[in-house]
1. Could you work out how much longer the chain between ASP48 and ASP210 gets when fully extended? Use 0.36 nm per residue separation minus the Cα distance between them, nm to one decimal.
2. Which of the peptides 204-210, 86-92, 179-185, 193-199 is most tightly packed, and how do the rest follow, judged by the mean count of other Cβ atoms within 10 Å per residue?
3. Using R₀ = 41 Å, calculate the FRET efficiency as 1/(1 + (r/R₀)^6) where r is the Cβ-Cβ separation of ALA219 and ASP81; round to 0.05.
4. Using a Förster distance of 35 Å, how high is the FRET efficiency between ARG153 and ALA58, based on the Cβ-Cβ distance and rounded to 0.05?
5. In whole Å, how far is the Cα centre of the range 144-206 from that of the range 57-98?
6. So how much slack lies between SER193 and ARG133, counting 0.36 nm per residue of separation and subtracting their Cα-Cα distance, in nm?
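Just so you know, all these numbers are worked out from the coordinates, no wet-lab data involved. This one's a predicted model, so the numbers in the text were calculated from it and none came from an experiment. Quick reminder, even Gly has a Cβ in these numbers, built from the backbone with ideal geometry, and neighbours come from all protein chains shown.
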Amino acid sequence: MTMPARRGLTRHRSIGLRGCGLLLALFSAPPEAAGNLAPALDALQAGDLVTAVGQLTAPAQSGDAAAAYDLAIAIERQGGDPEQVRFWLRQAARHGLVQAYQRLNAGAVKPAPQARALVLVTPDDWIRHQTPRHYTLQLASSTNRRVIDRYYRENGLEGQGGYYRNRREGQDWYALVYGAYPTVSEAKAAIGSLPEALRKWSPWVRRLRDIQRIMQPLAPPAPPGG
């Protein structure tokens, strides 16, 4: 049974996050991509930026997200064009590299280690793209979609979480979730590292499969004042 909280949100029982830092793209790329990029990463870490840019450009242009990310870093360290840096970060983010998303959105909540940043998707699309056997943190729920959407955007959760609609007792409810974790223990540990703005809602752990089974498509948002 849920209890209503202020501002139309529903608070839930807290269950228990490990902090997450920015990792090199080498560790988030698929093994085969990481192996191919190893010489370029060695050059980048050694400060041989000309070699790094030369080796990273072709794979980045071919759609390799890790190469695009590292190319942006190399250009940035060269003191190159900031627009080029942002261009390659956007390419990496569009292919799901969470480090690139984080650099583009410095004020956003730090992503969980296994999170994939999905840009240009709707809040419920993010949920559909997650592995069903993983777990997420449900932050809050409300019958007022605008309340949930406002907190979703104000806290920079795009690409790191989402919200969904489900029908309960003849009413539409909207629930806000954050992160995707392989195990319950990792999800519980994640709660402690959430910003206070999210932790105060008393997040709780849910299996993504259960949410994906009950969620219903989001209708287009009503226009302001509508």
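1. 53.4 nm
2. Values: 204-210: 16.9, 86-92: 21.1, 179-185: 18.4, 193-199: 14.0.
Highest-to-lowest ranking by the protection proxy: 86-92, 179-185, 204-210, 193-199.
3. Working: r = 42 Å, r/R0 = 1.02.
E(calc), rounded to 0.05, equals 0.45.
4. On the way: r = 37 Å, r/R0 = 1.06.
The value I calculate is 0.40.
5. Each part's Cα centre sits 30 Å from the other's.
6. Working: separation 60, 0.36 × 60 = 21.60 nm, distance 2.25 nm.
Result for the pair: 19.4 nm of gain on full extension.
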